[in-house]
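One structure is given here, and the rest of the page talks about it.
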Amino acid sequence: MGKRSFTTMTMFILLAVMTLTAHAVSAVAADRAIIVKGSTTVLPVIQVAAEIFMDKNPEANISVQGGGSGVGIASLLDKTTDIATSSRKIKPEEIEKAKASGINVNEIPIAIDGIAVIVHPVNTVKAMTRTQIREIYTGKITDWSQLGGRKGKIVVVTRDTSSGTFEAFEALALNKEKVRPDALSSASNQAVAQTVAQTPGAVGYVGHGYLTPRVKAVAVDGVQCTKQAIQSEKYPLSRYLYVYTNGRPSGDVQRFINFILSKEGQRLVEEEGFVDILK
Amino acid sequence: MSAMKIQRKALVTLKEGAYKWLFATLAFASLVFLVGIVFTLLTESLPVFSKIRPTSFLFGPFWYPTADPPEMGIWPLITASFAVTAGAMVVCVPIGVGTALFIHELAGRRQRAFLKPVIEILAGIPSIVYGFFGMVVVAPILQDLLGIPTGLCAFTASLVLGIMATPTVASLAEDALSFVPRSFREASLALGANRWQTLTRVVMPAAGSGISTAVILGMGRAVGETMTVLMVAGGAAMVPKSLFDPVRPMTSTIAAEMGEAVMGSLHYNALFAIGLMLFLITLGVNIIAEIISRRFRLKLGLGR
């Protein structure tokens, strides 16, 4: 009995070692997957595009990961991703780092995102100026009555200061001024929408793709947050979404990016709630 | 025949040796991980202190890590962690210890058979489920009930964290009670004390330090909890003035910002420094718990 169990154990360990080795070998031997990493804003578009692209090109293998714009670009710099997605333009210090490690950053815009300023549906305030938005977020305006609404404390909802959406909002609406420290801070677009939807006095901002019927978008500088307004660059709070590669892409990477930029790819962009860049 | 016997004996020796090595390796693996984690925390966090004075890092009132120039004071985050943990203690100590006393001293067999698994299930619920529950159910209810501007605040976080830490406190306190020798109880009852007197004058003092260990370990659980506070506490990096202010504890700051921080940047290092602070706090908490439980074992004559 003892002998048998010993043999079984040896077999088990051997088997485990063999499986592990086989696994490691196959990972190296198989066609290397294209890795796309970065912005969670861009993620849903890339994910759908990758699925369709792989259906059409069975030999292609694309692995899509989130992590955020900063992570995507950092991964491009340490060469652990083929394509970095970002909801903000690459920063000068990141370009410098890239140069230092011999990476030639290639920027390709793939979509436009409008940042909608949202309030609870019962709120009577329908429009704000960019100045008012800035004053709400920096703490100069604290009550809805100051904006012609019903009296009540404004509950300011922002994104974590390192998210791409925050950086875009900071650049587009805040003039780089600091958000009041007592603002609620959420980790995702959905969480902001959720918080605003359940808080009558709240104001928040989300990507146009995350607008839901449970929240109301206000007009900014007199322009409603619509696709047409964003595409024609009339809506003030809009930004491009980018993919970054090391040098000019080639092979499957290039074909995948071309697919995203094609009519079909841009239709996917639109279906995910962003605005296409077809002019 | 005898050759076979010798062979078998050699095999047994070999087997024992193999097992010993196997388990020794496994046992030392955790030591390797600990050293690795401490080393990483130190090397990744120390660069912060070459740019920011440790005192202004610890006691600075503003946390704007991505502003230009960045302001990295984690005082709001530290106070938030303490406020939320203290609030959680207020919830989980009475419920946890009370549950333990009831299950161990007062409950009948049927009640015990029902309550113990219920508490274990409570312990098994993933923290993100607590967080979602707190965000979607508890926060709106408290918001309406208390008339506060937002339900995502220190109070809600304390409540949800307290419920989460309750099973830890309850099961450890129950263990402490079961360590009280039967003879203590029997002696007390034999001397004519009633059940209540036995409980409050004999059992509780004897299990006292064990119960304190339970409370302290529950506190460790609350300090280190991440996902729930990320979803429920509101996330405002400000020293709370009241329990109904939104707060941003240390754990949720790391969780929310690590994914977006540029690798190797000052912000990245600062997040590791927050991690180091948390590690030191939980280490302290665990050491205190260990000291107390050691005293407890000595007091009951159970040795080390």
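The values are calculated or read from the model by the stated rules, or taken from the named source; none is laboratory data. Treat the numbers as computed from the prediction; the structure is a model and nothing was measured. With ideal geometry, Cβ positions are generated from the backbone for all residues, glycine too; neighbour counts draw on all protein chains shown.
Within the range B:243-265, being at pLDDT 90 or above and more than 27 Å from residue B:217 (Cβ to Cβ) holds for B:244, B:245, B:246. Looking only at residues in the range A:169-186 that are buried (at least 21 other Cβ atoms within 10 Å of the Cβ), more than 7 Å from chain B (Cβ to nearest Cβ) and within 20 Å of the chain's Cα centre (by Cα), which one is farthest from residue B:75 (Cα to Cα)? Only one residue tops the list, namely A:173. When every residue of the range A:209-217 is checked against the conditions, none turns out to be modelled with pLDDT of 90 or more and of a type in the set (Phe, Trp, Tyr). Among the criteria (1) farther than 25 Å from residue A:194 by Cα; (2) aliphatic (A, V, I, L, M); (3) surrounded by 20 or more Cβ atoms within 10 Å (Cβ to Cβ), the one residue A:156 does not fulfil is (1). One residue stands out among those in the range A:87-116 that are free of Cβ contacts under 8 Å to residues at least 40 places away in the same chain and assigned to a loop (DSSP other than H, G, I, E, B): the one that is nearest to the chain's Cα centre (by Cα), which is A:91. Here the range A:60-77 is the region considered, the condition is being modelled with pLDDT of 90 or more and either acidic (Asp, Glu) or part of a helix (DSSP H, G or I) (or both), and the residue that is surrounded by the most Cβ atoms within 10 Å (Cβ to Cβ) is A:72.
Just the residues that are aliphatic (A, V, I, L, M), at pLDDT 90 or above and under 26 Å from residue A:238 (Cβ atoms), please, taken from the range A:23-51. Don't jump to the end; show me each part of the working.
Initially, the range A:23-51 is screened for residues aliphatic (A, V, I, L, M), giving A:24-25, A:27-30, A:33-36, A:42-43, A:45-46, A:48-50.
Going one step further and asking which of them are at pLDDT 90 or above, we end up with A:34-36, A:46, A:48-50.
Within the range A:23-51, A:36, A:46, A:48, A:49, A:50 qualify.
Here A:71, A:42 are screened, and the one residue that is touching a residue at least 12 places away in the same chain (Cβ under 8 Å), more than 24 Å from residue A:271 (Cβ to Cβ), assigned by TED's automatic domain parsing to the domain that holds residue A:263 and aliphatic (A, V, I, L, M) is A:71.
Do we have residue B:230 as surrounded by fewer than 20 Cβ atoms within 10 Å (Cβ to Cβ) and either modelled with pLDDT of 90 or more or not hydroxyl-bearing (Ser, Thr, Tyr) (or both) here? If you could, list the steps in order and put the result at the bottom.
On the way: surrounded by fewer than 20 Cβ atoms within 10 Å (Cβ to Cβ): no; either modelled with pLDDT of 90 or more or not hydroxyl-bearing (Ser, Thr, Tyr) (or both): yes.
When the stated conditions are applied, residue B:230 does not pass them.
The set of residues in the range B:241-263 that are more than 11 Å from residue A:187 (Cα to Cα), within 8 Å of chain A (Cβ to nearest Cβ) and surrounded by fewer than 23 Cβ atoms within 10 Å (Cβ to Cβ) comprises B:245, B:262, B:263.
Only one of the numbered conditions (1) buried (at least 16 other Cβ atoms within 10 Å of the Cβ); (2) in contact with a Ser or Thr (Cβ under 7 Å, 6 or more places away or on another chain); (3) assigned to a loop (DSSP other than H, G, I, E, B) is not met by residue A:151, and that is (1). Do we find a residue being outside any helix (DSSP H, G or I), assigned by TED's automatic domain parsing to the domain that holds residue B:251 and touching a residue at least 24 places away in the same chain (Cβ under 8 Å) anywhere in the range B:76-87? Looking through the range B:76-87, none of the residues is outside any helix (DSSP H, G or I), assigned by TED's automatic domain parsing to the domain that holds residue B:251 and touching a residue at least 24 places away in the same chain (Cβ under 8 Å). Filter the range A:187-208 down to the residues that are more than 14 Å from the chain's Cα centre (by Cα) and of a type in the set (S, T, N, Q) and list them by number. Of everything in the range A:187-208, those that are more than 14 Å from the chain's Cα centre (by Cα) and of a type in the set (S, T, N, Q) turn out to be A:194, A:195, A:198, A:199. Residue A:161 meets the conditions (1) within 7 Å of chain B (Cβ to nearest Cβ); (2) surrounded by fewer than 22 Cβ atoms within 10 Å (Cβ to Cβ); (3) in contact with a helix residue (DSSP H, G or I) (Cβ under 8 Å, 6 or more places away or on another chain) in every case but one. The failed one is (2). Only one of the numbered conditions (1) out of contact with any strand residue (DSSP E or B) (no Cβ under 9 Å at 6 or more places or on another chain); (2) buried (at least 16 other Cβ atoms within 10 Å of the Cβ); (3) part of a helix (DSSP H, G or I); (4) within 14 Å of chain A (Cβ to nearest Cβ) is not met by residue B:141, and that is (2).
Reported count of residues in the range B:144-154, each being assigned to a helix (DSSP H, G or I) and buried (at least 24 other Cβ atoms within 10 Å of the Cβ), is 1. Being within 29 Å of residue B:155 (Cα to Cα) and of a type in the set (Asp, Glu) holds for only one residue in B:105, B:120, and it is B:120.
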